[in-house]
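Notes to accompany the following structure.
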Amino acid sequence: MSAYIVHNSVWWKASRFPGIADRLRSIATQDLIVTCPPQVLEYCWSARTPAEHDAYRQDLAAFMAADQHPDDAEVLRIQAALWSAGFVRGAGVVDVLIAAYALANDAVVLCADRDYDHIAAVVPGFRHEYLPER
């Protein structure tokens, strides 16, 4: 069994792309989905009303929170590795934080955008699975 942190690109695209929805269902039935604070914050950021924000929080409350939290040095190491490799803004700060949580919890980031490709290119041990929109 693997642990996954599901990036918000997957949650939002699953309703429009059957392949993404199928993979998400497969993981939900066979593996473990965990959440982390930056991922929850990003997911809830798109809420337009307090009620919608509460509903989004409830969506993610169904999953287990990540046990381990990355330390500052790990987060900064990931960002420095991106900069050193020329991926200056190849991944946003929230994505860097999510990647650090994934590393700390031996989890795979499930994503439907390419930001995590840059992190995987420069951070040994970081794992992600990209889901195309087809």
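The values are calculated or read from the model by the stated rules, or taken from the named source; none is laboratory data. Remember, predicted model here, so these are calculated numbers, not experimental data. FYI the Cβ positions are ideal-geometry reconstructions off the backbone, even for glycines, and counts take in every protein chain you see. We work out accessible area using only protein heavy atoms, side chains counted, and drop any ligands, DNA or RNA first. Shrake-Rupley method; radii C 1.70, N 1.55, O 1.52, S 1.80 Å.
Please grab the % of Cα pairs in the stretch 13-134 that end up more than 17 Å from each other.
Numbers: 4479 of 7381 pairs.
It works out to 61 percent of all Cα pairs.
For the stretch 5-78, take every pair of Cα atoms, bin their distances at 10 Å starting from 0, and report each bin as a whole percent.
17, 44, 31, 8
Could you tell me how many degrees, from 0 to 90 and to the nearest 10, lie between the Cα long axis of helix 50-61 and the main elongation axis, the longest principal axis, of the Cα atoms of the chain?
Tilt of helix 50-61: around 70 degrees.
Compute, for the chain, the length of the dipole vector about the Cα centre, with Cβ point charges of +1 (Lys, Arg) and -1 (Asp, Glu) only. Units Debye, rounded to 20. Please report the intermediate quantities before stating the final value.
Values: 11 positive and 17 negative charges, 81 e Å.
Its charge dipole is roughly 380 debye.
So if each residue of separation counts as 0.36 nm, and I subtract the Cα-Cα distance between Ala61 and Ala21, what length gain in nm does that give?
Working: separation 40, 0.36 × 40 = 14.40 nm, distance 1.94 nm.
Between Ala61 and Ala21, full extension yields an extra 12.5 nm.
When the solvent-accessible surface of protein heavy atoms is calculated with a 1.4 angstrom probe, in what order do Thr29, Thr35, Thr49 fall, highest first? Present the calculation step by step, with values, prior to reporting the outcome.
Numbers: Thr29 115, Thr35 15, Thr49 70 Å².
These residues rank, largest area first, as Thr29, Thr49, Thr35.
List the residues, sorted by chain then number, that are 5 or more residues from His128 or on another chain and whose placed amide H is less than 5 Å from its amide H.
Under 5 Å from the amide H of His128: Val109.
Quick one: Karplus J couplings for the stretch 22-37, per residue in order, coefficients 6.51, -1.76, 1.60, θ = phi - 60°, nearest Hz, x for Gly and Pro?
With coefficients 6.51, -1.76 and 1.60, one gets 4, 5, 4, 4, 4, 5, 4, 8, 10, 10, 10, 9, 10, 10, 9, x Hz.
Below 8 Å, C-alpha to C-alpha, sequence gap of six or more: please give me the relative contact order for the stretch 55-106 in percent. All intermediate terms of the calculation are to be shown ahead of the outcome.
Working: 25 pairs, mean separation 25.4, N = 52.
Contact order relative to length: 49 percent.
For the chain, what is the mean residue ellipticity at 222 nm derived from helices alone (per DSSP H run of n ≥ 4: -39500 (n - 2.57); sum divided by total residues; nearest 500 deg cm²/dmol)? Don't skip to the end; give the middle numbers.
Values: 7 runs with 73 residues, N = 134.
Value at 222 nm, helices only: -16000 deg cm²/dmol.
In whole Hz, what ³J(HN,Hα) sequence does the stretch 125-134 give by Karplus (6.51, -1.76, 1.60; θ = phi - 60°), x for Gly and Pro?
These are the phi-based 3J(HN,Hα) values: x, 6, 10, 8, 10, 8, 10, x, 7, 9 Hz.
I'd like the accessible area for Tyr116, computed on protein heavy atoms only with a 1.4 Å probe and all protein chains in place. Round to 10 Å², please.
Answer for Tyr116: close to 0 Å² accessible.
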